[in-house]
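Read the figures in this text as sums done on the coordinates, not as results from a lab. As the structure is a computational prediction, the values presented were derived from the model and not from experiment. Glycine also receives a Cβ, built like all others from the backbone with ideal geometry; neighbour counts cover every protein chain displayed.
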Number of protein chains: 2
Amino acid sequence: MKPLDVVAIGNALVDVLSHAQDSFLEGHRIPKGSMSLIDATMAEKLYATMGPAVQISGGSAANSIAGIASLGGKAGFIGKVSNDQLGDIFRHDITSLGVEFDTKSSRGGKPTGRCLVFVTPDAQRTMQTFLGSAGDVSPDDIDPDFIKRAQVTYLEGYLWDTPEAKKAYVKAAEIAHNAHRKTALTLSDKFCVDRHRETFVELVHGHIDILFANENEIIALYQARNFDEAVEAVRGKCDIAVLTRSEKGAVVVTPKDTVSVKAHPVRKVVDTTGAGDLFAAGFLFGLTHGKSHAECGRIAAICAAEVISHVGARPEQSLWALLGMKNSK
Amino acid sequence: MKPLDVVAIGNALVDVLSHAQDSFLEGHRIPKGSMSLIDATMAEKLYATMGPAVQISGGSAANSIAGIASLGGKAGFIGKVSNDQLGDIFRHDITSLGVEFDTKSSRGGKPTGRCLVFVTPDAQRTMQTFLGSAGDVSPDDIDPDFIKRAQVTYLEGYLWDTPEAKKAYVKAAEIAHNAHRKTALTLSDKFCVDRHRETFVELVHGHIDILFANENEIIALYQARNFDEAVEAVRGKCDIAVLTRSEKGAVVVTPKDTVSVKAHPVRKVVDTTGAGDLFAAGFLFGLTHGKSHAECGRIAAICAAEVISHVGARPEQSLWALLGMKNSK
């Protein structure tokens with residue numbers, strides 16, 4: 001069995017990205033910077049009012065996996081598209097990067113999911129997601145051999161919104177741990193943490209080795225008063241907690257240590273969609289290639305900086321080339 | 001009947017844009033800078049070998065119409081999508097700009113057409129087009145009242161590849177002229193001119209008031225030895241010939257006059273897809289708003305400069321705002 005660095009389980013989505021004014025979000029009562037789930041009717045209604053858009057494959061964990069592949073890592077993905085044109089686009093884009101993606105498409109039911117992304121003039125992104133077939137990931141989609149091949153199995157918190165997907169993830173985590181592999185999770189979104197706080201705490205403390213969260217998410221998870229309190233709350237609950245703070249960089253928290261990571265400079269922040277996803281990509285790539293936590297953080301910061309310098313959440317440049325890693329692939 | 005500035009008839013396509021190396025084109029024996037028509041099988045084969053892509057509504061005349069709408073012009077479009085997801089994307093994007101687009105979608109037959117666009121490191125674009133339903137525009141799609149409402153009816157030369165679409169255009173041109181309206185054509189592509197030289201000459205001399213062509217296309221049309229010879233060949237054959245020469249600017253040729261237009265400076269040329277389309281948009285917007293030929297050329301050059309400064313053939317900025325035209329809308 002060919003070994004893999006990371007297998008991710010996540011929502012298979014196509015992003016529909018559009019520039020929008022703050023007043024557009026206010027008019028639709030959508031909190032800026034959030035991700036909300038919407039149904040097909042709302043998706044249609046909202047799409048009808050949004051401006052011209054660009055379609056790019058997305059999905060949080062899928063973006064991370066694309067990043068890992070772009071870094072030269074060996075990656076796999078589990079997620080559910082439908083047998084429609086958007087599903088073809090998602091499958092093409094992820095496999096064209098060399099990612100193994102063998103989850104069967106669903107047929108004749110819900111269409112492939114999409115995420116309406118509104119990029120405001122401050123480069124923030126606000127997301128309204130119609131899950132479609134993406135929400136239908138089930139334990140049947142978890143191939144034990146696929147999980148066992150990966151050093152790390154990585155999940156996005158967004159998947160915690162659908163019951164069958166939760167079961168799928170717990171199944172995958174158990175397979176991984178029985179095979180002496182690692183598991184990783186991103187909390188994804190503050191609102192997602194608020195929806196699932198108790199079960200997220202159980203998940204993190206019971207099943208997760210490597211946790212990714214931004215400042216707001218980790219504070220929300222522990223209902224801490226501030227970031228420092230949240231750092232101490234998570235310390236020791238999993239092997240590594242990687243906590244990002246936008247332009248303030250990140251900290252890597254282990255039971256005995258705290259490593260600070262600087263943000264990588266960006267000429268102009270164009271669209272923050274995918275910043276966290278690509279940070280996780282860089283970190284996991286480093287970790288599965290034997291790098292120190294400080295070096296993992298450095299790679300992560302470079303990947304995040306690349307993706308926020310253009311529209312869309314998938315890397316436009318070869319991240320491998322960007323790191324100047326010519327000799328050790 | 002609400003008057004319109006421009007109604008365009010063209011291929012309704014979704015662009016699938018990807019970065020590619022020159023070696024990719026060479027390996028597939030695709031001439032750089034060209035547009036070729038490919039069938040469904042070839043489209044699938046080529047798509048399978050291309051890298052991750054971005055999907056953006058395209059189509060030459062449709063891009064021009066999007067530009068005119070972005071300038072604040074009143075515009076309409078005739079073109080054929082299918083009732084599938086790509087068709088929904090095309091329809092959404094063009095109507096969200098305020099363009100009237102009422103051509104019925106085809107059902108159950110060919111899928112919506114797409115144009116695989118390969119952007120090489122020199123920012124040139126090479127296009128492989130699977131027409132799909134776009135090629136099924138027919139005289140039945142031409143609503144005489146729609147044509148009569150427009151000051152100018154505009155066609156892309158690419159449409160000349162399908163017999164029913166040719167009939168549709170001749171029908172539209174006759175309706176326009178009987179209503180004392182103008183007609184315009186872009187020659188689209190040197191290879192397209194080579195395929196249709198004789199009928200293009202007939203079309204231009206018999207039905208066209210305003211002709212758009214780049215240097216290579218106009219030389220090919222008249223099999224001229226050089227640009228100056230081509231300028232004299234076209235002079236007087238139609239009211240206005242607008243001949244573009246990339247960074248050398250453009251010339252506007254009328255029976256008695258030649259007006260030179262400078263190219264607008266661009267910080268960095270990222271992707272030339274849509275340069276000609278947006279030049280035509282700016283020129284036609286100016287013309288339908290009573291501007292001089294020199295001023296039309298100036299607006300055209302600004303629009304072309306905007307679209308080549310980013311990936312994709314549709315304007316990302318409000319062209320209206322870019323022109324600083326705040327008081328005269």
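Pairs linking a residue in segment B:136-147 that is closer than 23 Å to residue B:108 by Cβ to a residue that is among the β-branched types (Val, Ile, Thr), with Cβ atoms under 6 Å and 6 or more positions apart or on different chains, are B:141/B:78; B:141/B:103. Annotation: residue B:66 fulfils all but one of (1) more than 20 Å from residue B:113 (Cβ to Cβ); (2) small (Gly, Ala, Ser); (3) crowded, with 24+ Cβ neighbours inside 10 Å; (4) within 11 Å of chain A (Cβ to nearest Cβ); the unmet one is (1).
Could you look through segment A:121-152, keep only residues that are outside any strand (DSSP E or B) and charged (D, E, K, R), and pick out the one that is farthest from residue A:83 (Cα to Cα)? The qualifying residue farthest from residue A:83 (Cα to Cα) is A:122.
Residue-wise test of (1) in contact with a strand residue (DSSP E or B) (Cβ under 7 Å, 6 or more places away or on another chain); (2) facing chain A (nearest Cβ under 10 Å); (3) part of a loop (DSSP other than H, G, I, E, B); (4) among the small types (Gly, Ala, Ser).
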{"site": "B:43", "(1), (2), (3), (4)": "yes, no, no, yes"}
{"site": "B:55", "(1), (2), (3), (4)": "yes, yes, no, no"}
{"site": "B:61", "(1), (2), (3), (4)": "yes, no, no, yes"}
{"site": "B:73", "(1), (2), (3), (4)": "yes, no, yes, yes"}
{"site": "B:76", "(1), (2), (3), (4)": "yes, no, no, yes"}
{"site": "B:88", "(1), (2), (3), (4)": "no, yes, no, no"}
{"site": "B:110", "(1), (2), (3), (4)": "yes, no, yes, no"}
{"site": "B:118", "(1), (2), (3), (4)": "yes, no, no, no"}
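The number of residues in segment A:272-301 being surrounded by fewer than 19 Cβ atoms within 10 Å (Cβ to Cβ) and either in contact with a Phe, Trp or Tyr (Cβ under 9 Å, 6 or more places away or on another chain) or under 24 Å from residue B:21 (Cα atoms) (or both) comes to 1. The strands (runs of 3 or more DSSP E) located wholly in segment A:155-267 that include 1 or more residues which are under 18 Å from the mean Cα position of the chain (by Cα) and of a type outside the set (Phe, Trp, Tyr) occupy A:182-186, A:210-214, A:240-244, A:250-253.
Note on segment A:208-264: residues that are hydroxyl-bearing (Ser, Thr, Tyr) and closer than 21 Å to residue A:192 by Cα amount to 3.
Every residue in segment B:273-315 that is touching a Pro at 6+ places or on another chain (Cβ under 9 Å) and of a type in the set (D, E, K, R), please. Correct list: B:306, B:314. Can you tell me which residue is surrounded by the fewest Cβ atoms within 10 Å (Cβ to Cβ) among those in segment B:302-321 that are assigned to a helix (DSSP H, G or I) and touching an Asp or Glu at 6+ places or on another chain (Cβ under 8 Å)? So the residue we want is B:306.
Can we say residue B:179 is more than 14 Å from chain A (Cβ to nearest Cβ), of a type in the set (A, V, I, L, M, F, W, C) and surrounded by fewer than 20 Cβ atoms within 10 Å (Cβ to Cβ)? Judged against the criteria, residue B:179 is a match.
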